[in-house]
Structures are given as structure tokens and as C-alpha cells.
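First the structure, in the form of C-alpha cells, and then the observations on it.
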Amino acid sequence: MEKETTNLTLYRAIVFGLLMVIWVIFSGLLDGFHLTLGVISCGLVTWMSSDLLFDDREIGVRDRLRQAARISVYLFWLLWQIVLANLHLLKVAFGSADLRQPQIVRYKTELKTDFEKFLLANSITLTPGTVTIKILGDTFYIHAINDFAAKGLDGEMDRRIGHIFEGSKSNVDAAGSEA
């Protein structure tokens, strides 16, 4: 019970710190009045929602840092995929009408946690030419602008997101063995 309370306090402190950094960056105002408003706002948000950011509190700081490093690598890869998809979409927009074959694609994922599925759905939607329409369990329904965009749903994004969170307790519990 003592360790659980310590972990909860640590995670709330991390959430508060992250929110406060974002507050300072976005407000750009460092006077006492605005910093006090930031402390009050971030404190309230932390109190109400700190369990949303770090759902699995069994993971240690080292594993959390490993996840942060992996998600950073993933975000750079995703940014590159967005650039490539934009170039393809440019060809589609200025090309013949034959290049546009809008379709709904059903995609089954191996990801287990809601956060992993959330990350996948948003990554798909951020990639030009594809939009996640609906998620039912492990099945995603995705609008793709053409066959090329639909074939881009080859599981690579799914694997990369799974790699970010592999070895975490939530994946072990959900899958019955380590992912």
C-alpha cells in the first residue's frame, strides 16, 4: 500500500510538471499572477485527471523513460510517413480522376490497450489520405482515398506502436504473456 501511494504521488507530480511546462510555454507570461493561475489550473486538472495519462502505475520510471524514447522515435517515423503521404496526395489531387478510388477498409489490430488503439487511430487519421471512422473492439474502419493509401495499412504502424509499449504490465495482463 505504501508503494502504491508513493507511485500515485510520483505520477501526479509528473503530470502536474508536464502540464505546468505546457502552461508556461503556451502562455508565455512569467509574472506572478499568470504563474499562480497556472499552478491553480494545473493542480485542478491533475487532481481530476492524473489517472488518464498514466493508467498503468506498476511500470517503473526506467520503463516509462524507455517508452518516452520509443514514442519519440515513433513520432519521427510518423512525421516522415505524413510527408510521404502528402506527396502521394499531391499526385492524386493533380492527377487524373482514375487515381481516386475512395473506399472503406476494415483493419484488424493486435494492439490490446485502449491507449494503444487511440494512438493508432490518431496516427492513421493524421496520415493524409486515411481517416479512422470507427473502432469496434479490435477492428478499425478506415476511409482511404485510393488503393495506395489502403495498402499503406500493412501493419507497420501497428507493430511500431506495439513496440513502444511491449513489456508493460498492461500488455502482459491483456495478452496473458509478455508482448
Checklist outcome for this item: Of those in the range 80-104 that are part of a helix (DSSP H, G or I) and among the charged types (D, E, K, R), the residue surrounded by the most Cβ atoms within 10 Å (Cβ to Cβ) is 91
Next on the checklist: Just to be sure I understand, how many residues within the range 115-131 are touching a residue at least 40 places away in the same chain (Cβ under 8 Å) and not polar (S, T, N, Q)?
Outcome noted: 7
Next on the checklist: Checking the condition small (Gly, Ala, Ser) and over 28 Å from residue 165 (Cα atoms), which residue from 137, 32, 60 passes?
Outcome noted: 32
Checklist entry - Which of (1) modelled with pLDDT under 80; (2) assigned to a helix (DSSP H, G or I); (3) surrounded by fewer than 14 Cβ atoms within 10 Å (Cβ to Cβ) does residue 58 not meet, given it meets every other one? => result (2)
Checklist outcome for this item: Those residues of the range 126-143 that are in a strand (DSSP E or B) and under 15 Å from residue 84 (Cα atoms) come to a total of 1
Next on the checklist: All but one of (1) surrounded by 13 or more Cβ atoms within 10 Å (Cβ to Cβ); (2) at pLDDT 85 or above; (3) closer than 30 Å to residue 11 by Cβ hold for residue 107; state the number of the condition that does not hold.
Outcome noted: (3)
Checklist entry - Within the range 140-170, how many residues are among the hydroxyl-bearing types (Ser, Thr, Tyr) and closer than 26 Å to residue 92 by Cβ? => result 1
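The values are calculated or read from the model by the stated rules, or taken from the named source; none is laboratory data. Since the model is a prediction, treat every value here as computed from it, not as a measurement. A quick note on method: Cβ atoms are made from the backbone with ideal geometry, for glycine too, and the neighbour counts reach across all protein chains shown.
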